[in-house]
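See below for the structure under consideration.
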Amino acid sequence: MAAGNTYTPLATQTLSSTAGTVTFSSIPGTYTDLVFVFNARTVLAQQGVQFFCRMNGDGANNYSWTQISGNGSSTSSDRLSNDAYCRLGIVAGSSATSGTFSPNIINFQNYANTAYYKTVLTRASLANNDVAASVSLWRSTSAITSVVFYVGGLANWEVGSTFTLYGIAAA
């Protein structure tokens, strides 16, 4: 799918200092879908650190998720219902062998429609061939107006991590 005029950049954040969370708020309800594109890593030393989000400040057990991952020689999967966050994917740690930041693409489908629960799809990859994909469900019919992203293990996002939000217009 060509981006063309369908993707509208709404906001970009590039971290000039480490941060425990990255927040996008006041998200307009005028698009059909949202896409977040990350080029990020965490200050933790290990590879493949999980990251998460919450929508509209909802910390109740209204999230369910399934994640699959692999590295070329092994695979794994994990899932949980009634969780307090949306598990999204994996990011590189600060001691990643290549020193690169890991790309992640996160699709929030039908985010402004107040008749349906919200589905979130994520694709993530690391320089050492680790990949992950996840699907999450936020069991709320509220339109998404804010999203907070954070890293597992009470870690911080690394300086230089970039987060961009796009609105997807109806074709």
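The values are calculated or read from the model by the stated rules, or taken from the named source; none is laboratory data. Note that this is a predicted model, so its numbers are computed, not measured. As a convention, Cβ positions derive from the backbone with ideal geometry for all residues, glycine included, and neighbour counts pool all protein chains shown. Calculation scope for accessible area: heavy atoms of the full protein, side chains included, ligands and nucleic acids excluded. Shrake-Rupley method; radii C 1.70, N 1.55, O 1.52, S 1.80 Å.
A compact table of results
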| item | result |
| --- | --- |
| Strands (runs of 3 or more DSSP E) fully within segment 75-126 counting 1 or more residues that are basic (Lys, Arg) | 75-83, 86-91, 118-125 |
| Boolean, residue 7 is within 18 Å of residue 122 (Cβ to Cβ) and among the aromatic types (Phe, Trp, Tyr) | yes |
| Segment 138-171 - residue that is at pLDDT 95 or above and over 18 Å from residue 106 (Cα atoms) and, of those, surrounded by the most Cβ atoms within 10 Å (Cβ to Cβ) | 140 |
| Segment 1-55, residues that are open to solvent by 70 Å² or more (accessible area, probe 1.4 Å), modelled with pLDDT under 95 and small (Gly, Ala, Ser) | 2 |
| Every pair of residues 6+ apart whose Cβ atoms lie under 6 Å, when the first sits in segment 13-36 and is over 24 Å from residue 169 (Cβ atoms) while the second is among the hydroxyl-bearing types (Ser, Thr, Tyr) | 14/162; 15/161; 21/150 |
| Matching option when the condition is over 13 Å from the mean Cα position of the chain (by Cα), in a strand (DSSP E or B) and over 21 Å from residue 66 (Cβ atoms), among 160, 167 | 167 |
| Any pair with Cβ under 6 angstrom, 6 or more apart, that starts in segment 134-162 at a residue that is within 17 Å of residue 22 (Cβ to Cβ) and ends at one that is open to solvent by 50 Å² or more (accessible area, probe 1.4 Å) and of a type in the set (A, V, I, L, M) | 155/43; 156/43; 158/43 |
| Residue check, residue 123 over 21 Å from residue 92 (Cβ atoms), open to solvent by 60 Å² or more (accessible area, probe 1.4 Å) and of a type in the set (D, E, K, R) | no |
